[in-house]
Amino acid sequence: MDCATLMLWCLLIPAGGALLIAASSQLPNLREGMTLLTAASLLATVVALLRHPQALQTPALILTTPFGGLQFELRAEPLGLLFATIASLLWLITAVYTIGYMRANHESHQTRLYVCFALAISSTLGIALAGNLPTLFLFYELLTLSTYPLVTHKGDHDAVSGGRYYLGILISSSMGLLLPAIIWTNQLAGTSRFVAGGILPADLGGVSLVLLLLLYAFGIGKAALVPLHRWLPEAMVAPTPVSALLHAVAVVKAGVFCLVKVLLYVFGPQLLRDSAAQQLLLALAAGTILYASLKALQQDNLKRRLAYSTVSQLSYVILAAALLSPASIRAAALHIAAHAAGKISLFFAAGAIYTAAHKSRVSELDGLGRRMPLTFAAFAIASLSMIGLPPAAGFVSKWYLLQGVAGQQLWWLAAVLLASSLLNAAYFVPIVHRAFWRPETKPPHQPHGEAPWPMTLALSLTASLCLLLFFWPNLPLELANLLPGVTP
Amino acid sequence: MNLLPLLPVLLPLLCAPLCLLVRGATTVWALTCACTLACFASSLLLAQSLWHGGAALPYALGNWPAPWGIVYHIDALAVLLLLIVTGIAAVTLPYARRSVAQEIQPRDIPLFYALLLICLTGLLGIVSTGDAFNLYVFLELSSLSSYALIGLGQRRRALTAAFQYLVMGTIGATFILIGIGLLYSQTGTLNIADLAGRIAAIPEAAYGHRTLITAFAFLTVGISLKLALFPLHLWLPNAYSYAPSVVTVFLAATATKVAVYMLLRVCFSVLGNRFVFEQLTLGKILLLPSLAGIVIASLVAIFQYDIKRMLAYSSVAQIGYMTLGISLNSEAALTASIVHLFNHALMKGALFMVMGAVMYRAGSVYLNDFRGLGQRMPWTMAAFVLGGLSLIGVPGTAGFVSKWLLVQAALQHRWWPVVLVILLGSLLAVIYIWRVVETAYFNPLHEIEHGTAEAPPSLLVPLWLLVGANLYFGFDAAWPLQLAQQAATVLRGGL
């Protein structure tokens, strides 16, 4: 199969899977089978695309042209392939986990959840493979809309109000800031296609540059820069598998992915290097890292703590990309992968704890590690990755990031990173400590062990992925080495 | 001589009296249905011959040549409007049977269809004619019939709404008549092409001709009343909310569009682009009401509990987008405005059809009536969501194409405040649309109110046709855009 067909299948398989899932709503086993089958075939397609020798040389696949000057097209490039691989791999693992979670917790409207999940993945793949800004925008909005029913899944007051934040912030930032930014770019550059090294004219004035960069940075609300981060903790009302895949991987990663892509393929490293716009973005990202870490420290609800940790980790990616040195761009790509594996393990663990022990607060976790050793081992590994310690994936990306910072001798950024690592340790280590070393305050009503096996299997897989990426970081690195700004 | 340019106007005019003769709800409905379909078909044929021929299609009534006789003149803009009006009519009529049977007294049904056809005649006549006085005649034809149509609404307040519209509409029509009279006094002709030529030839026209300015003032204010330009919109929310559902669908999707057409014709084809913008600063005159309309009407929409009324206010805001495009005085903006005219007919048609379907099942369209409809009427509410997304301007819908073109046109001149208002309108639309969506999907149905089921297929199929059009024209806007571009070029170049 040629590359263009493969790209099209990447979008069609999850979308068609959604139809099959909806059609088999009466037979839960068949429906779950469909989900697994769709996820597995999507992963196979993405891997085929990844290994395709001509994947990066193929010309854009034009989906449709609403009118001259506006085109929807797909195109594979290294960062997009990396993102597509992560999303489809983790979807398969999450599908296993979701089945365990939904059945154990007797959730309602399961079909709707699986359908929206598949549609969200289809949109995510669309974002990953978008060939120009309008396509990116199209799938970005579709992702917001298809995840809204997931966030509000419970349908109670909290869910509706969380959904309001989610939709309100994401739609208003994208329609109000991202859309004009795209149209403006289209006018300045005469094209909106992603070109390695940027499309904006080199003589763009300083004020316009700052304004445009701010429009993108805040327009892409999914990247959760402060003060547009509020939707993320609010969206934690969703069932845990949704939080895991969408709010640790697909949605937030789509946000930082879009921003990195815009930095590398619209602005281009040349234009931004040493500009006021770059300094501003660095400051924003650094501020977000510190602020969110401090907020995370105050949260007692485990999922909310993870949410704030996500906000801060996303800004690592933005910071790394904004530094624009070869090492730091590698760090950005690696951290997208590392954080995805780590954060999904943490969320899986939180969901497993909720399912097995019905506990959602950090203060309730005393002694739980002895009842659920696998879960908390996975949690510990993922925490190491978040803090940036070996032998976990987060260490590799932080290593490259520090190289980038040291290369440009931005010592204040090094200080920010150090402080943030300490803060990360301060809000993750106590959890692990409580679970393993503190005695249980009172015994549970019913003695329990680990969560159902699909959930434990899934979280063990993602935790091993954290370790694998430390020992073999080559796959993401090879793709990262092809990015503009890395290759001379 | 080819009769085709006359057909869309002639057919409903001939069918209307037949409706009164036939009497018998189903027969009358079938006759009207066939008539609107024939109108739509002839409009399509007209579009096709214009597409191939390129130039405008003239038709001289009674074979009297141009300056003396009345001429019909179909150019790109007229074809686009013909397609909108006849297309909406052709979709609305199949929808009308069930809805009208429920909302209108049986003895009034033949009258209703006759009035609808007369209204259609008037709207199509305004679009087709090349004669200024003829335009006024058709305007009155459509207006008078629409007052009566609105008055047929179920609730007694429909009568006051119709009366309010009658008063405002008559003032508007009178202003238009005075304006046309003043133009006639200066030029001695009523043929639009001829008028344009003679006005251009008046030597004083270049530096402010008092009578012309007065005529322009009367015409603009009169037409603005008809098109419900903020703050002359006060008749519209009442008229739309109390009229029968079918009438609201039809008028919301066509009547204001035809009024915008009149504004375009008078400003560009009669008075000329340079005259209205350089002498009379039409740009500034329209700009402020448009911007204010977008913001204020959207804000008011957020606080409405009658959802039909909410959509009516949203229409006022959307009209602001159209006049905004005119006021920016560039070809790109005018094109955007004409494209939005087309797209808005599609989205508001679909949304008001949802209102009709809810009215059919629940009996009224207050916000409370939408509780639980997400489960009870899944197809209807899904159509509402998609229509609403188009109104917001989410990519993949027709609304996105309008927003893109408008923002692009405003950015060309670096008019950031205008861009800001356009996008603010979108964000406000999110709020008022989502209020309904949340109620429909997250609030449980009252236990006592059972029996609400999905709307019948005869309501759903036309509704989804319009929703499908909203999606289709979001992915392939080539031909409305091309017609709009052609129209904008002709308008700005003068006739």
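The values are calculated or read from the model by the stated rules, or taken from the named source; none is laboratory data. These numbers were taken from a predicted model, which means no experiment stands behind them. Methodologically, a virtual Cβ is constructed for each residue, glycine included, from the backbone with ideal geometry; neighbour enumeration extends over all protein chains shown.
Applying the condition of being of a type in the set (Ser, Thr, Tyr) and more than 9 Å from chain B (Cβ to nearest Cβ) to the range A:145-169 and asking which residue is surrounded by the fewest Cβ atoms within 10 Å (Cβ to Cβ) yields A:SER161.
Just checking, does the range B:485-494 include any residue being part of a helix (DSSP H, G or I), more than 10 Å from chain A (Cβ to nearest Cβ), over 30 Å from B:GLN102 (Cβ atoms) and touching a Phe, Trp or Tyr at 6+ places or on another chain (Cβ under 8 Å)?
Within the range B:485-494, the subset part of a helix (DSSP H, G or I) is B:485-493.
Now narrow it down to the ones that are more than 10 Å from chain A (Cβ to nearest Cβ): B:486-493.
Next, only the ones that are over 30 Å from B:GLN102 (Cβ atoms) stay: B:486-493.
The next check asks that each one be touching a Phe, Trp or Tyr at 6+ places or on another chain (Cβ under 8 Å); those that pass are B:491-492.
For the range B:485-494, residues part of a helix (DSSP H, G or I), more than 10 Å from chain A (Cβ to nearest Cβ), over 30 Å from B:GLN102 (Cβ atoms) and touching a Phe, Trp or Tyr at 6+ places or on another chain (Cβ under 8 Å): present.
Could you list, in sequence order, all residues of the range A:61-79 that are away from every other protein chain (no Cβ under 14 Å) and acidic (Asp, Glu)? Spell out how you get there, then give the answer.
The first filter runs over the range A:61-79 and keeps only residues away from every other protein chain (no Cβ under 14 Å), leaving A:61, A:74-79.
If the condition is that a residue be away from every other protein chain (no Cβ under 14 Å) and acidic (Asp, Glu), then A:GLU77 is the only one that fits.
Applying the condition of being of a type in the set (Gly, Ala, Ser) and surrounded by fewer than 21 Cβ atoms within 10 Å (Cβ to Cβ) to the range A:194-251 and asking which residue is nearest to A:MET175 (Cα to Cα) yields A:SER208. When the range B:232-282 is filtered for residues that are of a type in the set (Ser, Thr, Tyr) and either more than 15 Å from the chain's Cα centre (by Cα) or surrounded by fewer than 24 Cβ atoms within 10 Å (Cβ to Cβ) (or both), the ones remaining, listed by number, are B:SER241, B:TYR242, B:SER245, B:SER269, B:THR281. Of the set (1) within 14 Å of another protein chain (Cβ to nearest Cβ); (2) farther than 25 Å from A:PRO239 by Cβ; (3) in contact (Cβ under 8 Å) with a residue 12 or more places away in the chain, all apply to A:LEU82 but (1). Among the helices (runs of 4 or more DSSP H) confined to the range B:186-263, the ones with at least 1 residues that are more than 30 Å from B:GLY356 (Cβ to Cβ) are located at B:192-201, B:210-227.
Within the range A:286-317, the set of residues being small (Gly, Ala, Ser) and closer than 19 Å to A:ALA248 by Cβ comprises A:ALA292, A:SER293, A:ALA296, A:ALA307, A:SER309, A:SER312, A:SER315.
Mind checking whether some residue in the range B:373-381 is without any contact (Cβ under 8 Å) to a residue 24 or more places away in the chain and at negative phi?
Looking only at the range B:373-381, we keep the residues that are without any contact (Cβ under 8 Å) to a residue 24 or more places away in the chain, and these are none.
No, every residue in the range B:373-381 fails to be without any contact (Cβ under 8 Å) to a residue 24 or more places away in the chain and at negative phi.
Flag: B:LEU427 matches the condition of being within 10 Å of another protein chain (Cβ to nearest Cβ) and on the phi < 0 side of the Ramachandran plot. Evaluating B:GLY468 against the criteria (1) at pLDDT 90 or above; (2) surrounded by fewer than 15 Cβ atoms within 10 Å (Cβ to Cβ); (3) facing another protein chain (nearest Cβ under 9 Å) leaves one unmet condition, (3).
Could you go through the range A:144-162 and let me know if any residue there is of a type outside the set (Lys, Arg), in contact with an Asp or Glu (Cβ under 6 Å, 6 or more places away or on another chain) and in contact (Cβ under 8 Å) with a residue 12 or more places away in the chain. Checking the range A:144-162: at least one residue is of a type outside the set (Lys, Arg), in contact with an Asp or Glu (Cβ under 6 Å, 6 or more places away or on another chain) and in contact (Cβ under 8 Å) with a residue 12 or more places away in the chain.
Checking A:THR441 against (1) over 23 Å from A:ALA349 (Cβ atoms); (2) in contact (Cβ under 8 Å) with a residue 60 or more places away in the chain; (3) exposed (fewer than 14 other Cβ atoms within 10 Å of the Cβ), which single condition isn't satisfied? Evaluating A:THR441 over (1) over 23 Å from A:ALA349 (Cβ atoms); (2) in contact (Cβ under 8 Å) with a residue 60 or more places away in the chain; (3) exposed (fewer than 14 other Cβ atoms within 10 Å of the Cβ) leaves (1) as the failure. Among the residues of the range B:40-55, is there at least one that is part of a helix (DSSP H, G or I), under 18 Å from the mean Cα position of the chain (by Cα) and aromatic (Phe, Trp, Tyr)? There is at least one residue in the range B:40-55 that is part of a helix (DSSP H, G or I), under 18 Å from the mean Cα position of the chain (by Cα) and aromatic (Phe, Trp, Tyr). Going by what's in this entry, would A:THR310 be described as within 23 Å of A:LEU384 (Cβ to Cβ), hydroxyl-bearing (Ser, Thr, Tyr) and under 15 Å from the mean Cα position of the chain (by Cα)? So A:THR310 fits the description; yes. A:ALA128 passes every criterion in (1) in a helix (DSSP H, G or I); (2) within 13 Å of chain B (Cβ to nearest Cβ); (3) crowded, with 20+ Cβ neighbours inside 10 Å apart from (2). None of A:VAL226, A:VAL249 is part of a loop (DSSP other than H, G, I, E, B), under 20 Å from A:THR310 (Cβ atoms) and away from every other protein chain (no Cβ under 14 Å) except A:VAL226. Residues that are within 11 Å of chain A (Cβ to nearest Cβ) and under 23 Å from the mean Cα position of the chain (by Cα) within the range B:368-387 comprise B:VAL385, B:LEU386, listed in sequence order. Report whether or not A:ALA120 is more than 13 Å from chain B (Cβ to nearest Cβ) and crowded, with 22+ Cβ neighbours inside 10 Å. The answer is yes for A:ALA120.
Just to be sure, is B:VAL394 without any contact (Cβ under 8 Å) to a residue 24 or more places away in the chain, under 30 Å from B:MET359 (Cα atoms) and surrounded by 23 or more Cβ atoms within 10 Å (Cβ to Cβ)? Considered against the rule, which asks whether it is without any contact (Cβ under 8 Å) to a residue 24 or more places away in the chain, under 30 Å from B:MET359 (Cα atoms) and surrounded by 23 or more Cβ atoms within 10 Å (Cβ to Cβ), B:VAL394 comes out as yes. Being polar (S, T, N, Q) and in contact with a Cys (Cβ under 6 Å, 6 or more places away or on another chain) is a description that does not apply to A:GLN26.
So which of A:LEU179, A:LEU142 is surrounded by fewer than 22 Cβ atoms within 10 Å (Cβ to Cβ) and either at the interface with another protein chain (Cβ under 10 Å from one of its Cβ atoms) or touching a Pro at 6+ places or on another chain (Cβ under 6 Å) (or both)? Step through it out loud before you land on a result.
Details: A:LEU179 fails: surrounded by fewer than 22 Cβ atoms within 10 Å (Cβ to Cβ).
Exactly one of A:LEU179, A:LEU142 is surrounded by fewer than 22 Cβ atoms within 10 Å (Cβ to Cβ) and either at the interface with another protein chain (Cβ under 10 Å from one of its Cβ atoms) or touching a Pro at 6+ places or on another chain (Cβ under 6 Å) (or both), namely A:LEU142.
Filtering the range A:182-216 to residues that are part of a helix (DSSP H, G or I), small (Gly, Ala, Ser) and more than 14 Å from chain B (Cβ to nearest Cβ) leaves only A:GLY206.
Evaluating B:GLY169 against the criteria (1) more than 16 Å from the chain's Cα centre (by Cα); (2) over 30 Å from B:ALA30 (Cα atoms) leaves one unmet condition, (1). Identification of helices (runs of 4 or more DSSP H) wholly contained in the range A:353-463 with 2 or more residues that are under 30 Å from A:LEU282 (Cα atoms) yields A:373-387, A:393-407, A:411-437.
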